[in-house]
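Trainee: Below: one structure in structure tokens.
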Amino acid sequence: MTDAVEMLATLVGFDTTSSKSNLDLIHFISDRLAAAGVDATILPNADGTKANLFATIGPKRQGGVCLSGHTDVVPVAGQPWETDPFLLTDKGDGRLYGRGTCDMKAFPACALALLPEMLEKPLARPIHFAFSYDEEVGCRGAPEMIAEIGESLPKPSVVIIGEPTEMKVVSAHKGMWFFRTTVTGKEAHSSQMQNGVSAVMVASRLVAKLDEMVKARAAAADPDNGFTPPYTTIHVGQINGGTAPNIISRHAEFVCDVRNLPDDFPEDIQQEFVDWYTAEILPEMHAIDPSSGIETVTENVVAGLREDRESEAETFVRQITGDNDTHYVSYGTEAGQFQQAGMAAVVCGPGSILQAHQPNEFIEKSQVAECEAFLRRVIERCRA
Ligand SMILES: [Zn+2]
């Protein structure tokens, strides 16, 4: 077992499903760093149950390269796993199985395994570690750490988010924008529709409108813009409402998940939707019951990553990987959040997104080796 694989086995052994605490893992990393003489800053969340970790290796100053990733993993519940998901398993087929192997504990595992090499000789530019919590539930942890960067923490000039890209350089990704719409109707016997406002039926008209809006975007999309699909998607994945078939429902609500092209403004989409129902639906509802209504609240926002081919992160990572192709992805990462805070960021890490969030998640051993080789070149470049 190489040091990186051994470290991956240790990290996979911590069940850091987003609904649970990641503190055991964070303390393991900070102890490991402390043993090597590196102080880590632990940034706990509001109730102290989870934490981000930031550490600087080499000169304590601004600039340098930040190796970043999330420590949480998605749940295994209900998935048909053939092995213990929290025990790294080598079946002899060139793959290492376990939850988080590809998304995304292999990248921090490689970084930690190479810590002795980072410390072997002095670095001219610092290497930073930035490990977050709650990425899998809407990139909620990293913003608290990013807020401290440039304040109590040094500001890197290059940020590499090691999400699984098979070590290709991903320059752009879509943003994420969630909003919740709640419809308040008026109950009545289902045979007396003229006296009631059905929250469920209003909600279904609202969802149909969102479907129209996404179809309009699909029809107007530039098929060659690099994204799959090449337009901003507007999707309702959850809807609740009503209490019985024969009661006109008082309550319905749904959550809309917008995945926007980095140059689209999801706030405009939400506003277009609100303007539409305010003009088209609310007057009918109010004619029956003025206290009925519709409310829309933004729930979670994750910035997209805009392509910046001239950025220091692009140049740095492309020189190391030799990858000069253009890669965009449709899933969100923390890269957009770092970029929004004024840091050049790209996504580049081991493993394939096709194995992420799956039962029997795995990473090819060759990907771990490729990531180690990549990080050795990062270290070399930080020496010069
Ligand atoms: Zn991930």
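Trainee: Just for the chain, what percent of DSSP beta bridges are antiparallel, to the closest 5?
Mentor: In the chain, approximately 70 percent of DSSP beta bridges are antiparallel ones.
Trainee: Also, quick follow-up: Show me the three semi-axes of the equivalent ellipsoid for region 104-207, from the C-alpha gyration tensor (sqrt of 5 times each eigenvalue), largest first, rounded to whole Å.
Mentor: Taking √(5λ) for each Cα gyration eigenvalue gives 51, 15, 12 Å.
Trainee: Still on this structure, please answer the following. When the Cα centres of region 253-279 and region 50-100 are compared, how far apart do they sit, in Å?
Mentor: Rounded to whole Å, the Cα centres lie 34 Å apart.
Trainee: Could you calculate the FRET efficiency of Lys215 with His251 from 1/(1 + (r/R0)^6), where r is the beta carbon distance between them and R0 is 41 Å, rounded to 0.05? Don't skip to the answer; put the middle values down first.
Mentor: On the way: r = 28 Å, r/R0 = 0.69.
That pair, Lys215 with His251, gives E of 0.90.
Trainee: Just the number, please: percent antiparallel of the DSSP beta bridges in region 1-152, rounded to the nearest 5.
Mentor: Within region 1-152, antiparallel bridges account for around 65 percent of the total.
Trainee: First check a/c for region 1-142, with a ≥ b ≥ c the square roots of the eigenvalues of its C-alpha gyration tensor; if it is under 1.5, answer rounded, and if not, answer prolate when a/b is larger than b/c or oblate otherwise. Please list the in-between numbers first.
Mentor: Working: a/c = 2.27, a/b = 1.34, b/c = 1.69.
Note, shape of region 1-142 comes out oblate.
Trainee: Would you mind counting up the charge near Leu112? Only other residues with Cβ under 12 Å from its Cβ, with Lys and Arg at +1 and Asp and Glu at -1.
Mentor: Numbers: positive: Arg32, Lys105; negative: Asp3, Glu6, Asp31, Glu117, Glu372.
Local net charge: -3.
Trainee: Helix-only estimate, please: 222 nm mean residue ellipticity of the chain, summing -39500 (n - 2.57) across DSSP H runs of length 4 or more and dividing by its residues, to the nearest 500.
Mentor: Mean residue ellipticity, 222 nm, calculated: -10000 deg cm²/dmol.
Trainee: Within a 10 angstrom radius of the beta carbon, how do Ser30, Ser366, Ser190, Ser171 rank from fewest other beta carbons to most?
Mentor: Final ranking by Cβ density, sparse to dense: Ser366, Ser190, Ser30, Ser171.
Trainee: While we're here: Just give me a number: lysine pairs in the chain, eight or more positions apart or cross-chain, with C-alpha atoms less than 14 Å apart.
Mentor: Number of lysine pairs found: 4.
Trainee: A further question on this structure: With no solvent and one equal point scatterer placed on each C-alpha of region 175-302, evaluate the Debye formula and give log10 I(q)/I(0) for q = 0.19, 0.20 Å⁻¹, two decimals.
Mentor: -0.99, -1.07
Trainee: OK, next. Report the full-extension gain for the segment Tyr331 to Glu117: residue separation times 0.36 nm, less the Cα-Cα distance, to one decimal in nm.
Mentor: Here the segment from Tyr331 to Glu117 would lengthen by 73.8 nm.
Trainee: May I ask you to sort Val378, Val347 by Cβ crowding, counting other Cβ atoms within 10 Å and putting the fewest first?
Mentor: Values: Val378 20, Val347 29.
Arranged by neighbour count, lowest to highest, Val378, Val347 become Val378, Val347.
Trainee: Continuing with this model, one more query. Find the Rg to Rh ratio for the chain, where Rh is the Kirkwood radius over alpha-carbon pairs and Rg uses the same atoms.
Mentor: 1.05
Trainee: So what's the net charge close to Lys155: Lys and Arg +1, Asp and Glu -1, counting the other residues with Cβ under 13 Å from its Cβ?
Mentor: 0
A short reminder: the numbers here are calculations on the coordinates, not readings from a lab. Since the structure is predicted, the reported quantities are computational estimates derived from the model, not experimental observations. Note that each Cβ is placed from the backbone with ideal geometry, even for glycine, and that neighbours are counted across all protein chains shown.
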